[in-house]
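Below: the structure, in structure tokens.
The values are calculated or read from the model by the stated rules, or taken from the named source; none is laboratory data. Being a predicted model, the structure only gives us computed values, none of them experimental. All Cβ positions, even for glycine, are placed from backbone atoms using ideal geometry, and neighbour counts span all protein chains on display. Surface areas here come from the heavy atoms of the whole protein model, side chains and all, with no ligands, DNA or RNA. Shrake-Rupley method; radii C 1.70, N 1.55, O 1.52, S 1.80 Å.
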Amino acid sequence: QVQLVESGGGLVQAGGSLRLSCAASRRTISPYAMGWFRQAPGKEREFVATITTGGRGNYADSVKGRFTASRDNAKNMVYLQMNSLKPEDTAVYYCAASFLVTPTIPAHFGSWGQGTQVTVSS
């Protein structure tokens, strides 16, 4: 099973940017669709983005046009570039891996990282 570790979270003002990274180990990410989810206090974990094995991104409506997911299979890394951040983007962000082609719900993913906190101040 692939092991995932997120980094890059932090505190940023509204309108700012952050780039999250997800480092994979134990297995190559090449055969996996990779996803990003987030969970705010008291809320369910929600889909943010996925990137297919072929590099195609799929995004939640709430982040479309502001967030971009990418992957570097050679480095075994996945990224989430977050621009024009809003206070409602505040959450713990998780990286996940799936063998499905276009996974979108948590149950589609078999491997998860521990999460990284993103806080956007107004």
Worksheet entry | Qualifying residues in the stretch 108-122 (those that are of a type in the set (Ser, Thr, Tyr) and in contact with a strand residue (DSSP E or B) (Cβ under 7 Å, 6 or more places away or on another chain)) - the one surrounded by the most Cβ atoms within 10 Å (Cβ to Cβ) | Thr116
Worksheet item: Could you list, in sequence order, the residues of the stretch 97-107 that are buried (at least 18 other Cβ atoms within 10 Å of the Cβ) and out of contact with any Lys or Arg (no Cβ under 9 Å at 6 or more places or on another chain)?
Response: Ser98, Pro103
Worksheet item: Do we find a residue being farther than 17 Å from Leu11 by Cβ, out of contact with any strand residue (DSSP E or B) (no Cβ under 6 Å at 6 or more places or on another chain) and assigned to a strand (DSSP E or B) anywhere in the stretch 52-75?
Response: yes
Practice prompt. Please identify the pairs in which a residue from the stretch 52-72 that is under 15 Å from Ala96 (Cα atoms) and open to solvent by less than 60 Å² (accessible area, probe 1.4 Å) has its Cβ atom under 8 Å from the Cβ atom of a residue that is in a loop (DSSP other than H, G, I, E, B) and not charged (D, E, K, R), counting only partners at least 6 apart or on another chain.
Written response: Thr52/Val101; Thr52/Thr102; Asn58/Thr52; Asn58/Thr102; Asn58/Thr104; Ser70/Gly55; Arg71/Ile29; Arg71/Gly55
Worksheet item: Looking at Pro31, is it open to solvent by less than 70 Å² (accessible area, probe 1.4 Å) and assigned to a loop (DSSP other than H, G, I, E, B)?
Response: yes
Worksheet item: If you check Ala23, Ala49, which single one turns out to be part of a strand (DSSP E or B) and either open to solvent by less than 30 Å² (accessible area, probe 1.4 Å) or not small (Gly, Ala, Ser) (or both)?
Response: Ala49
Practice prompt. Determine the pairs where a residue that is in contact (Cβ under 8 Å) with a residue 60 or more places away in the chain, located within the stretch 86-108, has a partner that is of a type in the set (Asp, Glu) and crowded, with 22+ Cβ neighbours inside 10 Å with Cβ atoms under 6 Å apart, the partner being 6 or more residues away or on another chain.
Written response: Cys95/Glu6
